[in-house]
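Student: The structure follows.
The values are calculated or read from the model by the stated rules, or taken from the named source; none is laboratory data. These numbers come from a predicted model, not from an experiment. As a convention, Cβ positions derive from the backbone with ideal geometry for all residues, glycine included, and neighbour counts pool all protein chains shown.
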Amino acid sequence: MILVIDFGSQFTQLVARRVRELSVYSEIVPFKNGKEKILELKKQGKLSGVIFSGGPHSVYEENAPKIDINIEELGVPLLGICYGLQLINYMLGGKVSPAKNREYGFEKIKIENNINKNNPLFNLIGREENIVWMSHGDQIQELSSKLTIDSLTRNGVISSFHHNELPIFGLQFHPEVEHSLCGKEIIKHFVEEICQDKKSWDSSSQIENAVKSIRETVDKEGKDTKVICALSGGVDSCVAAVLAQKAVGDRLLCLFINNGLLRKNEYNEVLDRFKKDLNLNVKGVDASELFLGRLAGVQDPEQKRKIIGNTFIDVFEAETKEIPNAKFLVQGTLYPDVIESISLHGTSVTIKTHHNVGGLPEKMKFKLIEPLRELFKDEVRRLGAEMGIPQDMLARHPFPGPGLGIRVLGEVTKERLNILREADAIFIEELKKQNHYHSTWQAFVVLLPVNSVGVMGDGRTYESVAAIRCVSATDGMTADWTKLPYDFLAHVSSRIINEVKGINRVVYDISTKPPATIEWE
Ligand code: XMP
C-alpha cells in the first residue's frame, strides 16, 4: 500500500486517486498522524511506499507541518511533491528559500540528460523536455549533499532530485495534475517499478471483500438480524444497498422517502427502478405533506435545511421502529467524507449545513455498515457498473439531500416547486438530447424569489426569474461554470419561457466556486 502524507495540498486526494487508478491501494493520512501510521503499516508488512504531498506552507514557518521520522531509515521508497520535495531537502540538511520568480501554472522543465540516465523515476519517459504544472512560492536554495539534481525549470529552479543511495525522490511540480504531461507515467513508475507494489485493488476483489465482510458482521448478531438502508436516489446509497443485498439478501430493507422536494416524476420512477431493475426490497414512504407543512412560511436557507434534516430523521425513526431485529444501517459514506484532510478547503467554518442520510443521529442505536468508506466517487461508479447497476443510474448528477427545497429560493410552496420542476425537466431533457449531460458535473434550474416584467402577446407579465446553473467539477469542492453553446442556452431559455407558466425570464449563472458555491442556498 502507498501511504500519502497530507501536508495540506489541495491536490492530496488526487495523488491517492492516481495511485488507485493503477489498481494499487492508497490511503491518505494527515501529517500529524503520519509517523504512527507508517509504523503501524510497517509492522503489518503492508507499506510499500510513501508520498509526501504538497502544501501551502514554507518549511521555515513557525508551525510548518513536519513529520518526526528519519527518512533515510524509512525502509520503503519515498517521493516528495512540491512542499514534500522541499521538506525532504530540509530534512537532509539542505536549504529552501522564497522563490525570486514564483512559478504558477504551466512550466517547462528540462530533464538534464547526463543525470537523467541514472534517475529511475525519469528513465522511462525518454523526452528531454516535459511540460509540467507548477505552483510554488518557495524553492530549493541549497541542495543537500545527499541529493542529486535531475531537472531544472526555465528559471534554473531545481524541479526534481534523487537521493544518491536510497530510493528517495523529489518533484517540485505536481505529477498528479492532468496538466503535467509526464505525471501519470512518473507516478506509475514510482509505484510499480520503484515500490514494486502489485495490482491488488480491483473492483471484483473489492466487491467480494465488501460482501463477505457485511455478511460476517451481520451474521454475528444472529441469522434473523435485519439491515436497513435509506436510499436517496443517488449513486452512493444505491451502490451501498446493492452490496448489502448481495450479502444478506432480503434481510436488507430499504426505505425511499418522498420529502416532496424531488424532481419531476422522480419518486415514482426511481422507486420503480429500485424494485424492477435492482430487485431491492424497498418501501416507498410518501411524507411530502409532512415536509411541506413544516417548511411553510420558512425563508431562511439554514432553517430550511434543519427542518428538512430533522423531518427526515423523524420519518425514518417512525418507519424503522417497528421492524424486528433491525440492528444495522447501511450508508453510502465515501472516502472524501471520512479522511481528515488538512487541505486548504478543510475550513472549520460551516459554509452550509449539509444534510445527508449520513446525518442520522447516534441515538438511533443502529450499528453502521459503510462499505464505500474507502472509495472515491469514480470507484463507486465502477463498482456499481460491475454489479450490473444500469449506467444511467450511475451517471446521475449529484443531487443535494434537501433537494428542490434549496433551489426554490425563499419560501417553498407546492406551486413554486411545480414551476421549478417543469423548468428543470426541460433543461435536463435538452442536456441529454444534445449530449451535454454526461460532460458536466451538475446541472439544474433555480427559481429566484424575484419577479420581473415581461411582455407576452399584447399583455404585460410580472413573473418569476429562473437561473440555469451548469458546472464542471471533479469533486464538487471547486467548480467552473460550463461554457454551454449560446444556441443551446437560447433554445432552453425559449422553451422554459414558452412552456412553463410562471417564468418569464431565464438567466445563466456564470459564477465559479469559490467564491460562489454550486447551489444557491
Ligand atoms: P455547494 O453548494 O456546497 O455544493 O458548492 C457542493 C456539492 O454538494 C451538494 N450539496 C449537498 N448535498 N446535502 C447534500 O447531500 C446538502 O445539504 C448539500 N448542499 C449542497 C451540491 O449539490 C454539490 O454537488
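Student: Looking at GLU192, GLU221, GLU178, which one is surrounded by fewer than 21 Cβ atoms within 10 Å (Cβ to Cβ) and part of a helix (DSSP H, G or I)?
Tutor: Just one listed residue meets the conditions, GLU192.
Student: Of the conditions (1) more than 12 Å from the ligand (Cβ to nearest atom); (2) within 32 Å of the chain's Cα centre (by Cα); (3) over 18 Å from LEU409 (Cα atoms), THR461 fails just one. Which one is it?
Tutor: It fails just one condition, (2).
Student: Which numbered condition trips up VAL455, out of (1) within 16 Å of the ligand (Cβ to nearest atom); (2) free of Cβ contacts under 8 Å to residues at least 12 places away in the same chain; (3) β-branched (Val, Ile, Thr)?
Tutor: (1)
Student: What tally of residues in the stretch 267-311 results from selecting those that are surrounded by 17 or more Cβ atoms within 10 Å (Cβ to Cβ) and without any contact (Cβ under 8 Å) to a residue 24 or more places away in the chain?
Tutor: Of the residues in the stretch 267-311, 3 are surrounded by 17 or more Cβ atoms within 10 Å (Cβ to Cβ) and without any contact (Cβ under 8 Å) to a residue 24 or more places away in the chain.
Student: Among the β-branched types (Val, Ile, Thr), away from the ligand (no atom under 16 Å from the Cβ) and in contact (Cβ under 8 Å) with a residue 40 or more places away in the chain: which single residue out of ILE207, ILE257 fits that description?
Tutor: Just one listed residue meets the conditions, ILE207.
Student: Related question: Answer with yes or no whether ILE419 is touching a Lys or Arg at 6+ places or on another chain (Cβ under 8 Å) and under 21 Å from LEU262 (Cβ atoms).
Tutor: Judged against the criteria, ILE419 is a match.
Student: List every residue pair whose Cβ atoms sit under 7 Å apart, with the two residues 6 or more apart in sequence or on different chains, where the first one lies in the stretch 224-237 and is of a type in the set (Ser, Thr, Tyr) and the second, anywhere, is more than 11 Å from the ligand (Cβ to nearest atom) and not in a strand (DSSP E or B).
Tutor: THR225/VAL218; THR225/ARG251; THR225/ASN325
Student: If you don't mind, there's one more thing I want to ask. Hey, any hits in the stretch 278-295 for a residue that's within 29 Å of the chain's Cα centre (by Cα), part of a helix (DSSP H, G or I) and modelled with pLDDT of 95 or more?
Tutor: Yes; the residues of the stretch 278-295 include at least one that is within 29 Å of the chain's Cα centre (by Cα), part of a helix (DSSP H, G or I) and modelled with pLDDT of 95 or more.
Student: Take the residues in the stretch 469-520 that are among the hydroxyl-bearing types (Ser, Thr, Tyr) and in a loop (DSSP other than H, G, I, E, B), then tell me which one is farthest from LEU448 (Cα to Cα).
Tutor: Restricting to residues being among the hydroxyl-bearing types (Ser, Thr, Tyr) and in a loop (DSSP other than H, G, I, E, B), the top hit is THR474.
Student: Can you find a residue that is away from the ligand (no atom under 16 Å from the Cβ) and either surrounded by fewer than 16 Cβ atoms within 10 Å (Cβ to Cβ) or more than 30 Å from PHE399 (Cα to Cα) (or both) anywhere in the stretch 233-242?
Tutor: No; the residues of the stretch 233-242 include none that is away from the ligand (no atom under 16 Å from the Cβ) and either surrounded by fewer than 16 Cβ atoms within 10 Å (Cβ to Cβ) or more than 30 Å from PHE399 (Cα to Cα) (or both).
Student: Here are some conditions: (1) crowded, with 20+ Cβ neighbours inside 10 Å; (2) more than 14 Å from PHE376 (Cβ to Cβ); (3) not basic (Lys, Arg). GLU36 meets all but one. Which one does it not meet?
Tutor: Looking at each condition in turn, GLU36 falls short on (1).
Student: Take the stretch 365-416 and flag every residue that is within 13 Å of the ligand (Cβ to nearest atom), part of a helix (DSSP H, G or I) and within 30 Å of GLN299 (Cα to Cα).
Tutor: Answer for the stretch 365-416, where residues must be within 13 Å of the ligand (Cβ to nearest atom), part of a helix (DSSP H, G or I) and within 30 Å of GLN299 (Cα to Cα): GLY403, LEU404, GLY405, ILE406.
Student: Quick check: anything in the stretch 509-517 within 15 Å of the ligand (Cβ to nearest atom), more than 28 Å from THR413 (Cα to Cα) and in contact with a Gly (Cβ under 9 Å, 6 or more places away or on another chain)?
Tutor: There is at least one residue in the stretch 509-517 that is within 15 Å of the ligand (Cβ to nearest atom), more than 28 Å from THR413 (Cα to Cα) and in contact with a Gly (Cβ under 9 Å, 6 or more places away or on another chain).
Student: If you don't mind, another one. If a residue has to be more than 16 Å from the ligand (Cβ to nearest atom), among the hydrophobic types (A, V, I, L, M, F, W, C) and within 19 Å of ARG407 (Cα to Cα) to count, how many in the stretch 467-504 make the cut?
Tutor: Within the stretch 467-504, residues that are more than 16 Å from the ligand (Cβ to nearest atom), among the hydrophobic types (A, V, I, L, M, F, W, C) and within 19 Å of ARG407 (Cα to Cα) number 5.
Student: Right, here's the next one. Would you point out the residue of the stretch 421-468, among those that are touching a Phe, Trp or Tyr at 6+ places or on another chain (Cβ under 9 Å), in a helix (DSSP H, G or I) and of a type in the set (A, V, I, L, M, F, W, C), that is surrounded by the most Cβ atoms within 10 Å (Cβ to Cβ)?
Tutor: Looking at the filtered set, the residue picked out is PHE427.
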